[in-house]
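Before I ask anything, here is the structure I am working with.
The values are calculated or read from the model by the stated rules, or taken from the named source; none is laboratory data. Please read all numbers here as calculations on a predicted model, not as lab measurements. Here the Cβ positions follow ideal geometry from the backbone for every residue, glycine too, while neighbour counts run over all protein chains shown. Surface areas here come from the heavy atoms of the whole protein model, side chains and all, with no ligands, DNA or RNA. Shrake-Rupley method; radii C 1.70, N 1.55, O 1.52, S 1.80 Å.
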Amino acid sequence: MGAGPVGSVAALACARLGHTVTLLEAQERIDDSPRASTTQPPTLEILAELGLIDEYIRVGLTARTFEFWDRPTLERIAVFDFDRLRGETDFPFVVQTEQHKLANMAIARLGDIANAEVAMGCPVSDLEQDENQVTVIAGERRFTADYVIGADGGRSTVRKCLGIEFEGYTWPERFLVITTKFDFAAALGCCFRNYMADPSEWTNLFKVAGDDLAGRWRAVFNTREDESDEEALSDAAVRARLGRVHVPEKDRNYLHLNLYNVHQRVAKSFRKGRVFLCGDAAHVNNPIGGLGLNSGIHEAWDLAGLLDQVLKGQADPVLLDSYERRRRPLNIEYVQEQTVANKKRLEEREPRERARRFDELRALAADPVRHKAFLMRASLLESARRAVRS
Ligand SMILES: Cc1cc2nc3c(=O)[nH]c(=O)nc-3n(C[C@H](O)[C@H](O)[C@H](O)COP(=O)(O)OP(=O)(O)OC[C@H]3O[C@@H](n4cnc5c(N)ncnc54)[C@H](O)[C@@H]3O)c2cc1C
């Protein structure tokens, strides 16, 4: 349920394994607002298994490195190179592909599979279950299924219907995404993924391909805690922010603005009976480090494999308990902890602690063993390998 990137990948994975799948999506078309783009190596491995990888790489941009900068001085502090992961994965790089492209790609593939149906414009309002089946209610329509995957995003109706608490907190500031054609790589000499620390306001810069593949940049900023949405979205404030990331006055034009609330929350449980939570329905986090969607896709893949074994009678349904037992702690340890640490690293105000953090990054980048260990964790490869062993 929910044809975002996680729901569509879950549906495609189940359909390719031969199961009858119905994907229900509230909206008439997939939301293309700028959210995830950074796709980590273990997620690329899954997309390869699903036969999507060539198209996915073709409509995105490949980024081998990411960089930390000190924004006020424009000093490059450290460069991390995914090529150090060669031998650990067939994909020692990230691919920056906008998440709506993945959802649309998976939905198109489902259209070619006889046992799959996609119902757009079908908002689910309730569900009922007994020990044999689940009934999903969407207006006048009712759908019955052996199992339901609730991948209906952070405000998940499924999670609410199941009465599952969404534990955690919401940050007081919001994140502003400015999409611009200004070429930061040419102007600053940075790469396609950059994290710029600044005690007064940080900026992250990412290049994406865009629907026209012509290339554009997303500049992500934190807002002030006391800044209203209206002020943050005002032309003057947006141009001032672009100025603070060294864009010359004549180039401070932009294509789109998006303002997001930011949370760190994990559902108390990832399953109730025959209904599972996956992706943002199960957990949300700040986007620094590009981990949220990636972890959701790992869950979708994992769950599809478990359901397949149970539905084909190859495993006892008790196997399904391993989903929450494995995925919830992995999300807390690898996604929640890392994204909070990433945010702190960018916003540190205390000068000595700031300098210490920069020194730590320089030391990590300079030491081949620690460099690789850092990337194993930051890319979620360590989490993916642990999931297989657990
Ligand atoms: C600025 C920003 C940048 C980000 N960057 C990254 C990144 O680089 N890498 C990364 O891994 N993550 C990133 N994220 C996080 C990422 O966007 C989310 O983790 C991702 O969207 C989760 O996908 P999902 O399919 O679980 O949920 P969603 O994308 O929210 O999709 C849920 C779907 O369910 C549908 N739906 C909702 N309610 C119902 C209902 N009642 N009935 C039927 N359908 C319903 C919705 O319409 C939607 O299509 C970023 C987030 C933001 C805000």
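Let me spell out the model: positive unit charges on the Cβ of Lys and Arg, negative unit charges on the Cβ of Asp and Glu, origin at the Cα centre of the chain. What dipole size does that give, in debye rounded to 20?
Charge dipole, the chain, about its Cα centre: 880 debye, nearest 20.
What is the chain's relative contact order, in percent, from Cα pairs under 8 angstrom and six or more apart in sequence? List each step's numbers first, then the result.
Numbers: 748 pairs, mean separation 83.0, N = 390.
This gives 21 percent for the chain.
Okay, moving on. Counting only the heavy atoms of the protein chains, how much of residue 288 is accessible to a 1.4 Å probe, in Å² to the nearest 10?
My reading of the accessible area for residue 288 is about 10 Å².
Just to confirm my numbers, what's the Cα centroid distance between the range 353-376 and the range 58-95 in Å?
Value for the Cα centre distance between the two parts: 14 Å.
Hey, any idea what % of the range 5-111's accessible area is carbon plus sulfur with a 1.4 Å probe?
Of all accessible area on the range 5-111, carbon and sulfur atoms account for 44 percent.
Starting at the first residue of the range 336-351, write each ³J(HN,Hα) from the Karplus equation 6.51 cos²θ - 1.76 cosθ + 1.60 with θ = phi - 60°, in whole Hz, x for Gly and Pro.
Rounded to whole hertz, the list is 5, 4, 5, 5, 5, 5, 4, 5, 4, 4, 7, 9, 3, 9, 6, x.
For the range 1-119, what is the accessible area per residue in Å² when the probe is 1.4 Å? Write down the numbers at each step before the final one.
Working: 4620 Å² over 119 residues.
With the other protein chains kept in place, the range 1-119 gives 39 Å² per residue.
From Cα pairs below 8 angstrom and at least 6 apart in sequence, can you work out the relative contact order of the range 104-257, rounded to a whole percent? Walk me through the numbers on the way to the answer.
Details: 189 pairs, mean separation 26.5, N = 154.
Here the relative contact order equals 17 percent.
Moving to a separate point now. Let me check against my output: what whole-number percent is the relative contact order of the range 193-303, with C-alpha pairs under 8 Å and at least 6 apart? All intermediate terms of the calculation are to be shown ahead of the outcome.
Values: 101 pairs, mean separation 14.2, N = 111.
Reported relative contact order: 13 percent.
What is the calculated FRET efficiency for residue 187 to residue 212, with r their C-beta to C-beta distance and R₀ = 22 Å, to the nearest 0.05? Kindly include the intermediate steps, with their values, before the conclusion.
Values: r = 21 Å, r/R0 = 0.97.
Plugging the Cβ-Cβ distance into 1/(1 + (r/R0)^6) gives 0.55.
Something else now. Would you kindly work out the equivalent ellipsoid of the chain from its C-alpha gyration tensor and give its semi-axes, the square roots of five times the eigenvalues, largest first in whole Å? Working shown, then result.
Numbers: eigenvalues 258, 104, 80 Å².
So the three semi-axes of the chain are 36, 23, 20 Å.
Sticking with this structure for a sec: Semi-axes of the equivalent ellipsoid of the range 152-297: what are they in whole Å, largest first, if each equals the square root of 5 times a C-alpha gyration tensor eigenvalue?
Taking √(5λ) for each Cα gyration eigenvalue gives 33, 17, 13 Å.
Find the Cα radius of gyration of the range 1-141, compare it with 2.2 N^0.38 Å by division, and give the number to two decimals.
Ratio of Rg to 2.2 N^0.38 Å for the range 1-141: 1.31.
What does the helix-only formula give at 222 nm for the chain: each DSSP H stretch with n ≥ 4 adding -39500 (n - 2.57), the total divided by the residues, and the result rounded to the nearest 500 deg cm²/dmol? List each step's numbers first, then the result.
Working: 14 runs with 141 residues, N = 390.
Mean residue ellipticity at 222 nm (helix-derived): -10500 deg cm²/dmol.
Can you classify the range 279-349 as rounded, prolate or oblate using the Cα gyration tensor, where a ≥ b ≥ c are the square roots of its eigenvalues, rounded means a/c under 1.5, and otherwise it's prolate if a/b beats b/c and oblate if not?
Judged from the Cα gyration tensor, the range 279-349 comes out prolate (a/c at least 1.5, a/b above b/c).
Considering the options 162, 179, 114, tell which one lies farthest towards the positive end of the dipole of the range 75-213, charges being +1 on Lys and Arg and -1 on Asp and Glu at the Cβ, about the Cα centre.
After comparing all options, I get 179.
Continuing with the same structure: So if R0 is 22 Å, what FRET efficiency would residue 268 and residue 131 give, r being the distance between their Cβ atoms, rounded to the nearest 0.05?
Working: r = 22 Å, r/R0 = 1.01.
The pair residue 268/residue 131 has a calculated efficiency of 0.50.
Still on this structure: In the Gaussian network model of the chain, springs joining C-alpha atoms below 10 Å, which of 233, 380, 12 carries the largest mean-square fluctuation?
Between 233, 380, 12, it is 233 that shows the largest mean-square fluctuation.
May I ask you to order 200-208, 364-372, 119-127 by the average number of other C-beta atoms within 10 Å around their residues, highest value first? Don't skip to the answer; put the middle values down first.
On the way: 200-208: 21.0, 364-372: 13.9, 119-127: 16.1.
In decreasing order of mean packing, 200-208, 364-372, 119-127 become 200-208, 119-127, 364-372.
Still on this structure, I have one more. For the chain, with the dipole built from +1 on Lys and Arg beta-carbon atoms and -1 on Asp and Glu ones, taken about the Cα centre, which of 34, 66, 287 lies farthest toward the positive end?
Sorting the options by dipole projection puts first 66.
Taking amide hydrogens as modeled 1.01 Å from N in the peptide plane, which residues meet the under 5 Å criterion relative to residue 286, leaving out close sequence neighbours?
Those qualifying (amide H under 5 Å, at least 5 residues apart or on another chain) are 263.
Still on this structure, please answer the following. Most fluctuating residue of 155, 352, 58 in a GNM of the chain with Cα springs under 10 Å: which is it?
Checking each option, the largest mean-square fluctuation is seen for 352.
Under 5 Å between amide hydrogens, which residues at least 5 positions from residue 61 or on another chain qualify, with H placed 1.01 Å from N in the peptide plane?
Residues meeting the amide H criterion: 96, 97, 209.
Can you work out the accessible area per residue across the range 231-390, with the rest of the protein chains kept in place, probe 1.4 Å, in square angstrom?
Numbers: 7150 Å² over 160 residues.
Roughly 45 Å² per residue, with all protein chains present.
Quick one: with all protein chains in place, what share of the accessible area of the range 208-271 is carbon or sulfur, to the nearest percent (1.4 Å probe)? Each step should come with its number before you reach the end.
On the way: 1530 of 3250 Å².
The value for the range 208-271 is 47 percent carbon and sulfur by accessible area.
Let me ask something else. Work out from phi, with θ = phi - 60° and the Karplus expression 6.51 cos²θ - 1.76 cosθ + 1.60, the ³J(HN,Hα) of each residue of the range 148-156, listed in order in whole Hz, and give x for Gly and Pro.
10, 9, x, 10, 9, x, x, 8, 2
GNM on the chain, C-alpha springs below 10 Å: top fluctuator among 278, 191, 161?
161
Output wanted: per-residue J couplings in Hz (rounded whole) for the range 42-59, from phi through Karplus 6.51 cos²θ - 1.76 cosθ + 1.60, θ = phi - 60°, x for Gly and Pro.
With coefficients 6.51, -1.76 and 1.60, one gets x, 6, 4, 4, 5, 5, 5, 4, 7, x, 9, 5, 5, 5, 4, 5, 5, 9 Hz.
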